[in-house]
Amino acid sequence: MQYKYEKTSQDYSDLASGRVFYSSPGYPAFPVRLASEVFQRCLAHRAAIYQETSAGTLYDPCCGAAYHLSVIAYLHGAHLREIIASDIDEKAVAFAKRNLGLLSVPGLDQRIEEISSMLDQYRKESHQEALRSAQFLKNKIASFTREQPLITRVFQANATDSRHMLQNIVPKSVDIVFTDVPYGQHSQWIRSEKNESLNPMWGMLDALLDVLSASSVLAIVSDKQQKVSHERYQRLEQFQVGKRRVVILKPN
């Protein structure tokens, strides 16, 4: 796959998982460069298909620790007015709340206090670097949220359950879905109790129809074994990066 937007690899160390953003075993960090590339492709499709360039709502129904959502906010915050995240796993939801909480000055002030305390206690160079990164991120978030704070919301739900989605998301309000669905050793689908035979990928795409806006685009990341298809969606593009397959869709 050739990068169209992130053509050169940059220094993303300030955004590294575990430095300022919270990390935990079982929630692998999505590559920053790839996250930025995929999001910019979604923006380009919205502009080309719908002539829509205004700030929108970003949603991930399999958010894990919401690391890539947080990274996208720092890199492309001007294109966002709201970030919504959900996951069926309670622990993932807790980490997502902590990471998305770092998209505000008060949240970063609290994180700076935590890192400063660790620096005083352990005197590690890594904590000193994390402190510098936290201050850099604080300045960055302050600059683009000065006029309009970025809204973030996190809730627990099965990605195939449209009822839970609609309890937490305004119908037809999501402009971009960007999700790295369960696969591999670290995560797997938890099937709906109501219909265990339901294909989870199809079920998620079906559930999302209720919350997608009229100018929406979806980016689904999975392994190549999972088929990303639904009769009410049109595939815009597909590409492979290592073991990851990225499929970008729009509703019909």
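Residue by residue, the stretch 230-245 carries 3J(HN,Hα) couplings of 6, 5, 9, 10, 10, 7, 9, 6, 8, 8, 10, 10, x, 7, 8, 10 Hz when phi is fed to the Karplus relation 6.51 cos²θ - 1.76 cosθ + 1.60 (θ = phi - 60°); x denotes Gly or Pro. Descending by average beta-carbon neighbour count within 10 Å, the peptides 39-45, 76-82 line up as 39-45, 76-82, the highest first.
Spherically averaged projected area of the convex hull of Cα atoms, the stretch 32-108: 5.2 nm². A crude spin-label estimate for the pair Asp109 and Asp11, with each label 7 Å from Cα along the Cβ direction, gives 2.9 nm.
Under a 5 Å amide H cut-off, with hydrogens placed 1.01 Å from N, Val241 pairs with Val246 among residues at least 5 apart or on other chains.
Distant-in-sequence amide contacts of Leu236, defined by a placed amide H-H separation under 5 Å and a gap of 5 or more residues or a different chain, comprise Ile248, Leu249, Lys250. Kindly work out what percent of the DSSP beta bridges joining two residues of the chain are antiparallel, to the nearest 5. Of the beta bridges lying entirely in the chain, close to 40 percent run antiparallel. Based on alpha-carbon atoms, the Kirkwood radius and the radius of gyration of the stretch 104-244 give Rg/Rh equal to 1.08.
The three principal axes of the Cα atoms in the stretch 1-74 give end-to-end lengths of 40, 29, 21 Å, sorted in falling order.
Full extension of the segment from Gln225 to Trp202, taken as 0.36 nm per residue of separation minus the current Cα-Cα distance, would add 6.9 nm. For the stretch 13-159, the equivalent ellipsoid derived from the alpha-carbon gyration tensor has semi-axes of 26, 18, 14 Å in decreasing order.
Here's how it looks for Val174: its modeled amide H is under 5 Å from those of Leu212, Ser213, which are all 5 or more places away or on a different chain. Excluding ligands, DNA and RNA, the accessible surface per residue across the stretch 113-252 is 57 Å² with a 1.4 Å probe.
Accessible area of the chain with a 1.4 Å probe: how many percent of it is carbon plus sulfur?
The computed percentage sits at 47.
Estimated at 0.36 nm per residue, the fully extended path between Val241 and Ile151 surpasses their Cα-Cα distance by 29.3 nm. How would you classify the stretch 89-164 from its alpha-carbon gyration tensor, with a ≥ b ≥ c the square roots of the eigenvalues: rounded for a/c under 1.5, else prolate if a/b is greater than b/c, otherwise oblate? Since a/c reaches 1.5 but b/c is at least a/b, the shape of the stretch 89-164 is classed as oblate. Counting each DSSP H run of 4 or more residues in the chain as -39500 (n - 2.57), what helix-only mean residue ellipticity at 222 nm follows after dividing by all residues, to the nearest 500 deg cm²/dmol? Taken over the chain, the calculation gives -12000 deg cm²/dmol.
Residues considered: Phe136, Phe21, Phe30. Largest GNM mean-square fluctuation over the chain, using C-alpha springs under 10 Å, is found at Phe136. Per-residue Karplus couplings for the stretch 102-117, computed as 6.51 cos²θ - 1.76 cosθ + 1.60 with θ equal to phi - 60°, are listed in order as 7, 9, 9, 4, x, x, 6, 4, 5, 5, 4, 4, 4, 5, 4, 5 Hz, Gly and Pro entered as x.
The values are calculated or read from the model by the stated rules, or taken from the named source; none is laboratory data. These numbers were taken from a predicted model, which means no experiment stands behind them. Cβ atoms come from the backbone with ideal geometry, glycine included; neighbour counts cover every protein chain shown. These accessible areas exclude ligands, DNA and RNA; they are computed on the full protein's heavy atoms, side chains included. Shrake-Rupley method; radii C 1.70, N 1.55, O 1.52, S 1.80 Å.
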